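K.L.:
Here you go, one structure.
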Amino acid sequence: MSMFRVLLIATAGLAASGPAMAHRLDSEALPEGNGFRIEFFTGDGSPASGLVVTARQADGEPIEIGKTDADGVVHFVPPAAGEWTIVGSGFGHSTTRNPLVIRSDEVKVPADTGAAKPQAATSAPAPASSPAFLRSNRGRFPWLEVGVSLVFIAFLTLITLAMMRRSARVGGRPTEVDRLAHEVDHLRATIHDLRQEIAELKADRESRT
Amino acid sequence: MHIADGILPMTLTAGGLVGAAAVVGTSLRWLAPANVPRVGLLTAAFLVASSIHVPVGPVPVHLLLHGLVGIVLGPLSSIAILVALVLQAAILVEGGISVVGFNLLAMTFGAMLARTVFDVLGGQAGPARAAAAGFLGGASAVCCSALVVVFGLWLAGDEWTQLRYLVLFAHLPIAVIEGCVVASAAVFIVRVKPDLLRSTWSRSGVCPLHSAVVHP
C-alpha cells in the first residue's frame, strides 16, 4: 500500500494549486451607533471582502451600501425606519437566497436622514441570461422548469449508468488475486476429493478385516 | 465541483437525489467485499484533495481528483464520491446535504467519463498510453462535471450568472492540473500494479473473500 501513500502525498501537494468551487456565503449584523456593522463570511468562516452590498425595503428600490472591506465588513445606517433586507454579491456569489433582515428599531435612526443616506443605486436590473422560457414563464408555468430539470437529471443518470455498465464489462477481467483464488478453490476441491477417497479406502479395509 | 444548499431549484434537488439513489444502488450491486478497502482508500484521497483550500477572491478553491477515482474504481466510483460529499458537507461545510444528489451525479458523470476515455484510449496497454489516456480522462472529467454544474446554475436563474462564468472559467486551469495528476498516477499504477485497473466487479459475488468465507 506504499504506492497509495505516495499518491496521496503527491495529490495533497498538488491540491494546493487548484481552483474553484461554489461555496456558502453568509452574513450577520450587529447594532453599532446609529446603524449596523454587517459582516460577510464564507462557509469556512473567512471574511468575504470586495462584495457589493445592497439594502432594500419590502416595496422599495435597492440602494447600494458599499463594498465590504478586507474584514468582510460594511457599515449601514438605515435611512428610514422599518425592515431592511441586506444582500451581498460579487465574484459569482450572493446571499440572495439567504438574505440578512434587520430592523431599524434595533438602533436609533437619525431624524434627518440626509447626512447618513447611502448612495442610491443607479441601475438595478440583474443581467438576464438564464433560459428565456424560464425568465418569461417563471411562476406562471412552473411545469416547464420542472420538465426541463427532470429531463436533464434523467439524461445525466442514464448516461452515467450506461458508462458504469460499460466500464464493468470492459474492466471486469480477472486479476492475479482472482486467478490465485480460483487455484485455491481448485486445490480445496482436490483435497476434499482425496479425503473422501481415503475415507472410502479406510472403510473398505475395515470391512475386509 | 459542488453547489451549496439553497441555490438549485427544488426539482433539480429532488431529481438529483432520485438519480443519485439509482446510481449508488447500481454501484452497490457491483461492490464485492474484496474491493471495499480500495473504495475506502480512494474516498480518503478524494476527501483530502478537496479539504486543502486556497483563497481566491471571497471563496476558497481546491482540486477534485474524481477522474482518478473513476479510473481506479470504475463502476464503484459513486460510493466513494457519496461518502466524500457527505463528509465534506458535514465536516468541511462545503456543498450541502440536500444537494448531495445533484453534486454526486455531476461528479460521478465526470468520473465515469474519465474511466470510459481511459478504456477507449487503451490506457492499460503501457505507460505512454496511460499518460495520454490519464491526462485526457482527468481533464475531460473536470470539464464535463463543470458543464453539468453550469447547466444546473443556468436552470437556477439569473442571480447566478456570475457564478456560472466563475465555475466555467476557473475549471479550465484545474482541468490541466488535474489531467497531469491523473496521468502521473495512471503511469505509476500501470508500471507498479496494473491489476489495480482490472478489478473484478461481479454481481454474483464471485470474489476471493466471498469464496473463502461462504464456501470454505
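The values are calculated or read from the model by the stated rules, or taken from the named source; none is laboratory data. Quantities reported herein were computed from a predicted structural model and do not represent experimental measurements. Here Cβ is always computed from backbone atoms with ideal geometry, including for glycine, and neighbour counts include all displayed protein chains.
K.L.:
For the stretch B:94-125, name all the residues that are in a loop (DSSP other than H, G, I, E, B) and under 17 Å from A:Val170 (Cα atoms). Lay out the reasoning, then the answer.
P.N.:
First, pick out the residues of the stretch B:94-125 that are in a loop (DSSP other than H, G, I, E, B): B:94-99, B:121-125.
Correct list: B:Leu121, B:Gly122, B:Gly123, B:Gln124, B:Ala125.
K.L.:
Which condition number does B:Trp160 fail, the rest of (1) within 7 Å of chain A (Cβ to nearest Cβ); (2) closer than 21 Å to B:Val99 by Cα; (3) in contact with a strand residue (DSSP E or B) (Cβ under 9 Å, 6 or more places away or on another chain) being met?
P.N.:
Result: B:Trp160 passes all but (1).
Yes/no per residue for (1) surrounded by fewer than 17 Cβ atoms within 10 Å (Cβ to Cβ); (2) at pLDDT below 85; (3) within 16 Å of A:Ser89 (Cβ to Cβ):
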{"residue": "A:Gly35", "(1), (2), (3)": "no, yes, no"}
{"residue": "A:Ile38", "(1), (2), (3)": "no, no, yes"}
{"residue": "A:Ala48", "(1), (2), (3)": "no, yes, yes"}
{"residue": "A:Ala55", "(1), (2), (3)": "no, no, yes"}
{"residue": "A:Asp59", "(1), (2), (3)": "yes, yes, no"}
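K.L.:
Give me the pairs, please: first residue somewhere in the stretch B:145-158 and on the phi < 0 side of the Ramachandran plot, second residue anywhere and buried (at least 22 other Cβ atoms within 10 Å of the Cβ) and among the small types (Gly, Ala, Ser), beta-carbon distance under 6 Å, and either six or more positions apart or on two chains.
P.N.:
That search, which allows pairs on different chains as well, returns B:Ser145/B:Ala106; B:Ser145/B:Gly110; B:Val148/B:Ala106; B:Val149/B:Ala106; B:Leu155/A:Ser149.
K.L.:
Quick one: count up the residues across the stretch B:96-124 that are more than 12 Å from chain A (Cβ to nearest Cβ) and free of Cβ contacts under 8 Å to residues at least 12 places away in the same chain.
P.N.:
Final tally of qualifying residues: 0.
K.L.:
Kindly indicate whether B:Val93 is touching a Gly at 6+ places or on another chain (Cβ under 9 Å) and more than 9 Å from every other protein chain (Cβ to nearest Cβ). Steps first, please.
P.N.:
Numbers: touching a Gly at 6+ places or on another chain (Cβ under 9 Å): yes; more than 9 Å from every other protein chain (Cβ to nearest Cβ): no.
It is false that B:Val93 is touching a Gly at 6+ places or on another chain (Cβ under 9 Å) and more than 9 Å from every other protein chain (Cβ to nearest Cβ).
K.L.:
If I filter the stretch B:141-149 for residues that are assigned to a helix (DSSP H, G or I) and farther than 17 Å from A:Thr160 by Cα, do I get at least one hit?
P.N.:
Going residue by residue through the stretch B:141-149, those that are assigned to a helix (DSSP H, G or I) are B:141-149.
Next, from what is left, pick out any that are farther than 17 Å from A:Thr160 by Cα: none.
No - not one qualifying residue is present in the stretch B:141-149.
K.L.:
Filter the stretch B:149-173 for residues that are modelled with pLDDT of 85 or more and crowded, with 20+ Cβ neighbours inside 10 Å and give the result.
P.N.:
Answer for the stretch B:149-173, where residues must be modelled with pLDDT of 85 or more and crowded, with 20+ Cβ neighbours inside 10 Å: B:Val149, B:Gly152, B:Leu153.
K.L.:
Of the numbered conditions (1) crowded, with 17+ Cβ neighbours inside 10 Å; (2) out of contact with any helix residue (DSSP H, G or I) (no Cβ under 9 Å at 6 or more places or on another chain), B:Val93 fails exactly one; give the number of that condition.
P.N.:
(1)
K.L.:
Then there's this: Residue check, B:Pro9 against (1) of a type outside the set (Phe, Trp, Tyr); (2) closer than 12 Å to A:Thr157 by Cβ; (3) facing another protein chain (nearest Cβ under 7 Å), all met but one. Which one?
P.N.:
(2)
K.L.:
Just to check your reading of the model, which residue among B:Val48, B:Val18, B:Val36 is at the interface with chain A (Cβ under 7 Å from one of its Cβ atoms), assigned to a helix (DSSP H, G or I) and either at negative phi or at pLDDT 85 or above (or both)?
P.N.:
Values: B:Val18 fails: at the interface with chain A (Cβ under 7 Å from one of its Cβ atoms); B:Val36 fails: at the interface with chain A (Cβ under 7 Å from one of its Cβ atoms).
Result: B:Val48 is the single residue among B:Val48, B:Val18, B:Val36 that is at the interface with chain A (Cβ under 7 Å from one of its Cβ atoms), assigned to a helix (DSSP H, G or I) and either at negative phi or at pLDDT 85 or above (or both).
K.L.:
Let me ask another. Does B:Pro75 count as within 17 Å of the chain's Cα centre (by Cα) and at the interface with chain A (Cβ under 8 Å from one of its Cβ atoms)? Even if it seems obvious, please write down each step before you answer.
P.N.:
On the way: within 17 Å of the chain's Cα centre (by Cα): yes; at the interface with chain A (Cβ under 8 Å from one of its Cβ atoms): yes.
Taking the combined requirement at face value, the residue satisfies it.
K.L.:
Assuming A:Ala70 fulfils every condition listed in (1) within 14 Å of chain B (Cβ to nearest Cβ); (2) surrounded by fewer than 16 Cβ atoms within 10 Å (Cβ to Cβ); (3) under 15 Å from A:Ala29 (Cα atoms) apart from one, which condition is it?
P.N.:
Status for A:Ala70: all satisfied but (3).
K.L.:
Can you find even one residue in the stretch A:118-139 that is modelled with pLDDT of 80 or more, more than 7 Å from chain B (Cβ to nearest Cβ) and assigned to a helix (DSSP H, G or I)?
P.N.:
We begin by selecting, within the stretch A:118-139, every residue modelled with pLDDT of 80 or more; these are none.
No, every residue in the stretch A:118-139 fails to be modelled with pLDDT of 80 or more, more than 7 Å from chain B (Cβ to nearest Cβ) and assigned to a helix (DSSP H, G or I).
K.L.:
State which residue is modelled with the highest pLDDT when the search covers only the stretch B:51-64 and only residues that are assigned to a loop (DSSP other than H, G, I, E, B) and closer than 15 Å to B:Gly95 by Cβ. Let's see the steps before the verdict.
P.N.:
Step one: list which residues in the stretch B:51-64 are assigned to a loop (DSSP other than H, G, I, E, B), which gives B:52-53, B:57-58, B:62-64.
Filter again for closer than 15 Å to B:Gly95 by Cβ, leaving B:53, B:62, B:64.
On the way: B:His53: 68, B:His62: 75, B:Leu64: 85.
Taking the candidates together, the pick is B:Leu64.
K.L.:
Within the stretch B:173-198, how many residues turn out to be assigned to a helix (DSSP H, G or I) and free of Cβ contacts under 8 Å to residues at least 24 places away in the same chain? Show your work before the answer.
P.N.:
Start the filter on the stretch B:173-198 by keeping residues that are assigned to a helix (DSSP H, G or I), which leaves B:173-192, B:194-197.
Subset that is free of Cβ contacts under 8 Å to residues at least 24 places away in the same chain: B:173, B:188, B:192, B:195.
Residues that pass the stated criteria total 4.
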